[in-house]
Amino acid sequence: MTTVLMIYLVIINIITFFLYGADKLKAVHHKWRIPESALILFSWIGGGTGALTGMRVFHHKTRKWKFRIIVPLSLIIWILAVAYFMYTGNYYHAGEVAEHYIHSDAAVTVTEEKTGYLFDGPGTDDLIIFYPGAKVETEAYAPILHEVAECGYDCFLVNMPFRLAFFGLNKAEDVMARHPDYVQFYMAGHSLGGAMAGNFTAEHLNEIRGVIFMAAYPTKTLEGSRALSLYGSQDGVLNMKHYQDSLSLMPDDFTGVIIEGGNHAQFGDYGEQKGDGEATISAEEQWGESVTAIMNFMEKSE
């Protein structure tokens, strides 16, 4: 998709450049002109660079305020849009193991909904709503949530806009509204998703029983709630200074678990993450230890 966009931008800018040149030539020879609205339109549909270059090379439309303001503005907007598209479009893909766990088996029924995936195991009272990490494909977290559901606590894996939980902070509201039969709701999340899950919990202390952080930390006080913090000893992505500073926002009785040998990326199945440390245990081992810690936390919360 990125390649297609780049090819489009190159073509549209070349066309726009020659349109400005052709219009200048027509003006010199007093011939029929290209409408100004068309010249401006081409800058808005991606030809801003070609338009601005054409204005300067051909000394055309440089005195008209519409072109002096609108053309540079369109270029700025497109630069920001392309940068954002390239940033969010470059994400970590779910691995083959995750693809297996995103499907139902004898113990857990996995149902895909518009908001995400429901992992429905033998439990009936509690639902853990999970926010994925930044730029990670949603399905990458299926293995750990499938195991948690199999152990008795249903989970909902939320799809995030642009794969950034920042833009879907209140997605949990939709999940809770669609599943009112659960008695208690918990939040959970990995990395940025964990931070956003913590923020949602802080704003909904009467509705959320507790929050589970995976390689993440809160940015708002969680006093009055319950919290579990998990991170791997080899984590090279988690900012430990910020993590230590955030402990004052945790509930007094929060539970902290360090998974020896675990790293940042192995809370999901999406391969290696840039800047992460090298794990000395397998992803399956890290999932297993995480599930055990979550079970202990959930049982104490009841």
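The values are calculated or read from the model by the stated rules, or taken from the named source; none is laboratory data. Please read these numbers as outputs of a predicted model, since none were measured by experiment. Don't worry about glycine lacking a Cβ; one is built from the backbone with ideal geometry, like all the others, and counts go over all protein chains shown. Keep in mind that these areas ignore ligands, DNA and RNA; they rest on the heavy atoms of the full protein, side chains included. Shrake-Rupley method; radii C 1.70, N 1.55, O 1.52, S 1.80 Å.
Below, the figures for the structure above:
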read-out	value
Within the range 285-295, tally of residues that are touching a residue at least 24 places away in the same chain (Cβ under 8 Å) and surrounded by fewer than 21 Cβ atoms within 10 Å (Cβ to Cβ)	6
Filtered residue count, the range 152-193, keeping only those that are open to solvent by 50 Å² or more (accessible area, probe 1.4 Å) and in a helix (DSSP H, G or I)	10
Number of positions in the range 244-268 that are open to solvent by 30 Å² or more (accessible area, probe 1.4 Å) and either within 25 Å of the chain's Cα centre (by Cα) or not acidic (Asp, Glu) (or both)	11
Count of residues meeting criterion [in contact with a His (Cβ under 9 Å, 6 or more places away or on another chain) and farther than 18 Å from residue 68 by Cα] in the range 1-49	1
2 or more residues within 28 Å of the chain's Cα centre (by Cα): qualifying helices (runs of 4 or more DSSP H) within the range 26-93	65-89
Selection from the range 133-151 of residues that are open to solvent by 10 Å² or more (accessible area, probe 1.4 Å) and either assigned to a helix (DSSP H, G or I) or charged (D, E, K, R) (or both)	135, 137, 138, 139, 147, 150
Cross-chain or 6+ apart pairs with Cβ under 6 Å, the range 147-169 first and in contact (Cβ under 8 Å) with a residue 60 or more places away in the chain, then outside any helix (DSSP H, G or I) and acidic (Asp, Glu)	153/126
Selection from the range 203-230 of residues that are part of a strand (DSSP E or B), farther than 15 Å from residue 172 by Cβ and either of a type in the set (Gly, Ala, Ser) or open to solvent by 30 Å² or more (accessible area, probe 1.4 Å) (or both)	227, 229
